[in-house]
Amino acid sequence: MQKLLRIWNLISRHKYLITIVAFLLIIGVLDENSLIRRIGHWHEITTLKAEIKKYRDQYDKDSRTLKELTTHPDELEKVAREKYLMKKPNEDIYIFEEDMDIPNRDQE
């Protein structure tokens with residue numbers, strides 16, 4: 001009985017501190033919308049925004065390239081010759097091995 005009385009006195013003296021600690025524990029760790037999850041979601045949102053920006057830039061670049069290819073036949077011929085190794089009749093193409101080792105500039 002003596003121990004129970006001591007515990008009760010400790011709780012009654014520090015009831016506000018115990019309440020605040022319990023509240024912070026629930027909000028910080030145990031709750032569905034805890035601070036740990038919020039930080040994780042914030043990090044995920046930041047990553048997804050960077051990915052969206054990357055894809056928008058790629059889309060803009062590809063749109064400009066498509067516009068150039070559809071409006072300028074010389075650009076279309078240039079791409080066909082460089083990327084797909086197409087040639088005109090009665091024309092020879094020479095491919096050097098050192099050119100094959102260089103990664104394509106468009107893919108970077």
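We did not get these values from a lab; they are worked out from the coordinates using the rules stated. Small disclaimer: the values here were computed from a predicted structure and weren't measured. Here Cβ is always computed from backbone atoms with ideal geometry, including for glycine, and neighbour counts include all displayed protein chains.
Taking only the alpha carbons of the chain, we obtain Rg and Dmax values of 33.3, 108 Å in that order. Each Lys or Arg adds one and each Asp or Glu subtracts one; over the other residues with Cβ under 14 Å from the Cβ of Glu44, this totals +2. Rounded to the nearest 10 degrees, the angle from helix 35-71 to the longest Cα principal axis of the chain is 10 degrees. Principal-axis analysis of the Cα atoms of the chain puts helix 2-13 at an angle of about 60° to the longest axis. Springs join every pair of Cα atoms under 10 Å in this Gaussian network model of the chain, and among Glu77, Glu44, Glu98 the largest mean-square fluctuation is at Glu98.
Estimated purely from DSSP H runs of n ≥ 4, each contributing -39500 (n - 2.57), the mean residue ellipticity at 222 nm for the chain is -23500 deg cm²/dmol once divided by its residues.
Set the bar at 26 Å for Cα to Cα. Now go through Lys54/Lys87; Lys53/Lys78; Lys54/Lys83; Lys67/Lys88 and name every pair that lies beyond it. Going by Cα-Cα distance, Lys54/Lys87; Lys53/Lys78 fall outside the 26 Å limit.
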